[in-house]
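In what follows, a single structure is set out as structure tokens and then discussed.
FYI, it's all coordinate maths here, none of it is from the lab. Note that the coordinates shown come from a computational prediction; the quantities given were computed from them, not determined experimentally. Note that we place each Cβ from the backbone using ideal geometry, even for glycine, and neighbour counts take in every protein chain shown.
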Amino acid sequence: METKNFYHDGIWDAIVNDREFDIGRREFETLVRFLPVVARHAAGVVNVLHLGVGNGREVTLFANHLKVGEYVINDICAPSLEKVAEQARVAYPDTSFSKACADIEQSGVITKLRQGITGQTLIVLVGNAVIFSNRGLDDNIKQAMERDDLFLVTTETPHEKMSQSYTIEPVYRLLAQSGLVVNADNTRTWYDESDQCLKMSCRGEILLSSYKPKPEQLRQRMKSVNMAEVALCEYQDIHMVVGLFRKGRLT
Ligand SMILES: C[S@@+](CC[C@H](N)C(=O)[O-])C[C@H]1O[C@@H](n2cnc3c(N)ncnc32)[C@H](O)[C@@H]1O
């Protein structure tokens, strides 16, 4: 069973609001620093296709920094998506929000979502290193992109204390959706250099894999699917890297 099947309404909220979930704050800070760069590359009206939106905490940042046309929010968890859409429509009555409840790891899904939008679109996958540990996702996103589209991704870079945000009670609760009893005593976390992922296993079964590349490794990954770098920033003080890409000219 994969982590994507474990999310139920409220569980991401519990994780992101846990005091020990330090990565959540650093992901947010990364966007605060980098969104002015994105705004320079998407200076006119731009649509946003926000993948794995969670509790919607990042929506405000995009709505405030960009001149958003259509804003499509996606998540696999229908009840929380419903709430995020309601709140966003109240907060930004002039922006057109639509919901897309779908599993973006299924083949062709991102392309289908993108095809429903007209005009330059920013595809956003932020605070979503678990989804991005799926190695096929970069190519799926590239296939979905149209000529002027941009792809924004944030990830944590590997560092000594990277497992701390994951060894917390709400994460064990998320992983317990697997049917296993999951706790600090029966789990193991380690960094797997071979795929640049932090892994967490319980009784020998890997329940979580979270992509944490060095900046050059992210660069190479995107290059390998013919995504061209528009801007890439490493924030060493908060162990984060953020990249903005467009579709390579050869596709
Ligand atoms: C780690 S949270 C990140 C949420 C948000 N980006 C943030 O940082 O606050 C992951 C979210 O992605 C959703 N998700 C996980 N796998 C997914 C998939 N395959 N397709 C769509 N959504 C998915 C989960 O339901 C959850 O709301």
- Query: Each residue of segment 127-143 in turn: what ³J(HN,Hα) in whole Hz from Karplus with 6.51, -1.76, 1.60 and θ = phi - 60°, glycine and Pro shown as x?
  - Reply: x, 9, 5, 5, 4, 6, 6, 6, 5, x, 5, 4, 5, 4, 5, 4, 4
- Query: By how many nm would the segment from residue 20 to residue 2 lengthen if fully extended, with 0.36 nm per residue of separation less the alpha-carbon distance?
  - Reply: 4.1 nm
- Taking 0.36 nm per intervening residue step and subtracting the Cα-Cα distance, what contour gain separates residue 169 from residue 189 on full extension? 5.8 nm
- Message: Whole-Hz ³J(HN,Hα) for each residue in segment 150-161, computed from phi via Karplus 6.51 cos²θ - 1.76 cosθ + 1.60 with θ = phi - 60°, x for glycine and proline: what do you get?
- Response: 10, 10, 10, 9, 10, 8, 7, 8, x, 7, 4, 9
- Task: With the convex hull built on the Cα atoms of the chain, state its orientation-averaged projected area in nm².
- Result: 12.6
- Vicinal HN-Hα couplings computed from phi for segment 105-121 (Karplus, 6.51 cos²θ - 1.76 cosθ + 1.60; Hz; Gly/Pro x): 7, 7, 4, x, 5, 5, 4, 5, 4, 5, 5, x, 10, 10, x, 4, 10
- Message: On the Cα set of segment 5-51, report Rg and Dmax in Å, please.
- Response: 14.6, 38
- Theoretical FRET efficiency, 1/(1+(r/R0)^6), r = Cβ-Cβ of residue 206 and residue 13, R0 30 Å, to 0.05: 0.75
- Message: Cut-off is 10 Å between beta-carbons; in what order do 96, 165, 194 appear when sorted fewest neighbours first?
- Response: 194, 96, 165
- Query: What percent do you get for the relative contact order of the chain when only Cα pairs under 8 Å and 6+ apart count?
  - Reply: 21
- Note on the structure: For the chain, the count of lysine pairs 8 or more apart or interchain whose alpha-carbon atoms are under 13 Å apart comes to 7
- Note on the structure: Taking placed amide H atoms and a strict 5 Å upper bound, the residues 5 or more places from residue 98 or on another chain that come that close are 71, 72, 73
- Task: Would you kindly work out the equivalent ellipsoid of segment 90-172 from its C-alpha gyration tensor and give its semi-axes, the square roots of five times the eigenvalues, largest first in whole Å?
- Result: 28, 18, 13
- Message: Expected output is a single nm value to one decimal: the length gained when fully extending between residue 139 and residue 177, i.e. 0.36 nm times separation in residues minus the C-alpha distance. What is it?
- Response: 10.8 nm
- Note on the structure: Interchain or sequence-distant (5+) residues whose placed amide H lies within less than 5 Å of the amide H of residue 121 are 47, 149, 150
- Cα principal axis extents for segment 1-143, largest first, Å: 40, 34, 27
